[in-house]
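Below: the structure, in structure tokens.
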Amino acid sequence: MADQTCSISGLSALLSTAGSANATGAAQYICSQLTTAALITADLTTAVDATFLLFSTYLVFAMQLGFAMLCAGSVRAKNTLNILLTNVLDASAGALFYYLFGFAFAFGSPSNGFIGHHFFALKSVPSPGFDYPYFLFQWAFAIAAAGITSGSIAERTQFVSYLIYSSFLTGFVYPIVSHWFWSADGWAAANRNPNDYLLFGSGVIDFAGSGVVHMVGGIAGLWAALIEGPRIGRFDHNGRPVALRGHSATLVVLGSFMLWFGWYGFNPGSFVTIAKSYGPVGSPINGQWSAVGRTAVTTTIAGCTSALTTLFGKRLQTGHWNVIDVCNGLLGGFAAITAGCAVVEPWAAVICGFVAAWVLIGFNRLAERFQYDDPLEAAQLHGGCGSWGVLFAGLFAKKEFVEEAYPGRPGRPYGLFMGGGGRLLAANVVQMLVIAGWVSATMGPLFFLLHKMGLLRISAEDELAGLDMTNHGGAAYVYYDEDSSGGGSHGGGFMMKGINSRVDPGLTPTSSIEV
């Protein structure tokens, strides 16, 4: 009967003739066709989910372009090639080391609660629960963490150190953290295997990585910048900050919009699947597709609220409407909402973004006070706002949304301010502490060792001349000196004023803008 097609005429022919044999044949026919239909539906569901995950992966990977443009615009023109190359290498080296080791350490199952130990070099992939799209999605997250760190040490770091730390971060440090909180075997994961104990009966809810991605990258950058020290001229002899402005606000804005675009894969895509109903069957709104849309909404609201709060907050402080500050505020709101984006109401995202803006402003003030130099505010933005985001999820997670995002454990804790008690918040506080401890214990010694070996910071002469000329064979921009042409025209070509004078490292620059 398996070769028959399901049709009214075929079924009528079987049922019109009396006899148990034909009745049995009819039943077999119907059952076989229903089974085939169910299998086809399952295949279609898998295909839809895989397409959704791949599309989300492409959006997250597009964030690398955003990082590259943001970094390029935030540094001086003489270091543009260097920072662009480091962004390319974050993705390239990260791909190789995450393929060889990182994915296995993060999701190699079955494993213990600390580290995975299967799927090295994707051996045994694809397998049930682990297909190629999932690997690619997780790789895009890993290189995002490495990209955060590179911004903290821009304009003064040897190229070899980028290769070393990026490989170590994406191949070992980050995967261990993602195993703890995102793998079904992880000791603190909210989605642990059904018979495994949950931390405080809850597990950590860090849905898309305020802690796992942003805190890891931010704390690694913090240690790197602390050990390396500030750029020459960033603070005067009295310890007062001197602005070393990036050369292109255009690139900063372009990069910020690209990151905004990519965040719609970063947060909503972390559901991994979309074709899942929460019941009842046939409801157009009670499904994961609606939760994906709500997550995109909370992401948008938090980022926009933080941007506007930063706009007016910095206006009160400085008297200026500063687009660079607004872009950083926008990204700070996104970093903060990432932990709770899927489990909070849109109104709570307003609170998340508002507080994130002041967290960023406060940490930037502390950075200046303690002469900490981070050209992209990466540690303050990703580390500081990411930490607030982890706390925010423990405060505002809604019961209904928690049980939808993390099914199978009815009655689990949810946000403190939503009536769910303090156990989720306690678990998330533990996450903050262990991430800070783990990254400090691994990346801190690595940067210190590189420093002691003379592999971390470039020479003062190279720093003043610019890394593009001294390390990368030329400048990022072709331009003419105004004085070299005697005032003549270059046919409408690109014009910039060249700076030929050298500055003694012991002197404070007289200008905050240098080409």
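General observations
- Among (1) out of contact with any Phe, Trp or Tyr (no Cβ under 8 Å at 6 or more places or on another chain); (2) among the hydrophobic types (A, V, I, L, M, F, W, C); (3) open to solvent by less than 10 Å² (accessible area, probe 1.4 Å) - the single one I232 does not satisfy: (3)
- Exactly one residue among L198, L136 is touching a Lys or Arg at 6+ places or on another chain (Cβ under 8 Å) and surrounded by fewer than 24 Cβ atoms within 10 Å (Cβ to Cβ), and that residue is L198.
- Residue under evaluation G217, criteria (1) over 22 Å from G333 (Cα atoms); (2) open to solvent by less than 60 Å² (accessible area, probe 1.4 Å), criterion not met: (1)
- Among the candidates T24, T45, residue that is at pLDDT 85 or above, surrounded by 11 or more Cβ atoms within 10 Å (Cβ to Cβ) and not in a loop (DSSP other than H, G, I, E, B): T45
- Which numbered condition G421 fails, given (1) over 20 Å from F312 (Cβ atoms); (2) in a helix (DSSP H, G or I); (3) free of Cβ contacts under 8 Å to residues at least 12 places away in the same chain: (2)
- Check on V160, in a helix (DSSP H, G or I), of a type in the set (V, I, T) and over 20 Å from G265 (Cα atoms): yes
- Filtered by the rule that a residue be aromatic (F, W, Y) and more than 17 Å from E345 (Cα to Cα), region 279-333 gives F312, W321.
- Scanning region 377-417 for residues that are open to solvent by 20 Å² or more (accessible area, probe 1.4 Å), of a type outside the set (D, E) and part of a loop (DSSP other than H, G, I, E, B) yields K398, Y406, P407, G408, R409, P410, G411, Y414.
- Given (1) over 30 Å from I164 (Cβ atoms); (2) not in a helix (DSSP H, G or I), index of the condition L54 fails: (2)
- Residue selection: V252 satisfies the criterion of being of a type in the set (V, I, T), crowded, with 18+ Cβ neighbours inside 10 Å and over 13 Å from A405 (Cα atoms).
- Some residue of region 106-113 being assigned to a helix (DSSP H, G or I), modelled with pLDDT of 95 or more, within 17 Å of the chain's Cα centre (by Cα) and surrounded by 24 or more Cβ atoms within 10 Å (Cβ to Cβ): yes
- With respect to (1) under 21 Å from G389 (Cβ atoms); (2) modelled with pLDDT of 95 or more; (3) outside any helix (DSSP H, G or I), the lone exception for N191 is condition (2).
- Among residues of region 224-240, those that are within 25 Å of L455 (Cβ to Cβ) and in a loop (DSSP other than H, G, I, E, B), counted: 6
- Complete set of residues in region 168-184 that are modelled with pLDDT of 95 or more and open to solvent by 10 Å² or more (accessible area, probe 1.4 Å): F168, F172, W180, W182
- Complete set of residues in region 424-465 that are in a loop (DSSP other than H, G, I, E, B) and exposed (fewer than 14 other Cβ atoms within 10 Å of the Cβ): M453, G454, S459
The values are calculated or read from the model by the stated rules, or taken from the named source; none is laboratory data. Nothing here was measured: the structure is a model prediction, and the numbers come from that model. Note that we place each Cβ from the backbone using ideal geometry, even for glycine, and neighbour counts take in every protein chain shown. Ligands, DNA and RNA are excluded from the accessible area calculation, which covers all protein heavy atoms including side chains. Shrake-Rupley method; radii C 1.70, N 1.55, O 1.52, S 1.80 Å.
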